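We did not get these values from a lab; they are worked out from the coordinates using the rules stated. From a predicted model like this one, the values you see are computed outputs, not experimental measurements. Virtual Cβ from ideal backbone geometry, glycine too; neighbours counted across all protein chains shown.
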Amino acid sequence: MASKGKNAMSYGLVSLMTLSLIIAVTLSRRFLIATWITIANAIADIFAFNYMKNRVIKITPKLVLLAIILVIPYLVFIKAYNIYLILPLSLLFIYALFSYKKRLDLSYIAGSGFVSSISLIWYLMIRSNIEGYTFAIILSWTIFAVVIAIIVEYKLPFRKIDKVLLVGSTSAIISIGAAVTYLITKNYIMLAMYIPSFIAVLLSGNKLKNIMEIKRVGMNSMYSNIAFVVFALLIAYCNPCI
């Protein structure tokens, strides 16, 4: 049973990273050499992250070497080290910290946030800078992924997350994201990207009574992520300001 759970989580990681890659490439609107290099690098990262995710609680020289190898392409190709990089780097630090402390619930949430925010890093590999509107879209995608991760953790019967904590934590995160988005873009239309997050919380339901239902929750989360990416990209391409 444990192996099946790990496989399910692997599929979730792969789908989340794939969607992040789709967002980065689509928003860049470029299909030059840098785009194909980024796609190749991202595919390698997907396999590497899938390997590392269950091993980060025990840091070994092999993992450190792999992490260094993964970082090299970003140091070479990213030429715009701006303030927006605080988002993925902070989430990566939080994920590593909670993983080291074996807080699996919080590490899963932070890890989901980092994997979605890596869209920003891949975008910067393709283009030398990032506009406010593009960052706002990636921020909303990151927050949606975090909200879905919190809902998944809430659904697990053995997690100490009740409905009040679920609504309170997600509302705070969504509100901060919406405020940052408006401050950056000054565009009310962009706030529509946070509606799916609120809907997800409203439809979260009750905790699972049978842990065997977790596969269904995982599939629903994946479909929700796909739907959000389609929704966000439609806003990006239909909004004349972007």
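Side notes on the structure shown:
- Residues satisfying the stated conditions in the stretch 188-218, i.e. over 20 Å from residue 158 (Cα atoms) and surrounded by 11 or more Cβ atoms within 10 Å (Cβ to Cβ): 189, 190, 191, 192, 193, 194, 195, 196, 197, 198, 199, 200
- Meets criteria (in a loop (DSSP other than H, G, I, E, B) and surrounded by fewer than 24 Cβ atoms within 10 Å (Cβ to Cβ)) for residue 173: no
- Residue satisfying condition, being touching a residue at least 24 places away in the same chain (Cβ under 8 Å), more than 18 Å from residue 112 (Cβ to Cβ) and touching a Phe, Trp or Tyr at 6+ places or on another chain (Cβ under 7 Å), within set 235, 184: 184
- Matching residues, the stretch 145-168, being among the charged types (D, E, K, R), closer than 23 Å to residue 15 by Cβ and not in a helix (DSSP H, G or I): 159
- Checking 74, 95 one by one, the residue that is of a type in the set (Ser, Thr, Tyr), in a helix (DSSP H, G or I) and more than 14 Å from the chain's Cα centre (by Cα) is 74 and no other.
- The requirement of being surrounded by fewer than 15 Cβ atoms within 10 Å (Cβ to Cβ) and either within 18 Å of the chain's Cα centre (by Cα) or closer than 26 Å to residue 105 by Cβ (or both) is not satisfied by residue 222.
- Note on the stretch 137-158: residues that are loosely packed, with under 15 Cβ neighbours inside 10 Å and touching a helix residue (DSSP H, G or I) at 6+ places or on another chain (Cβ under 6 Å) total 0.
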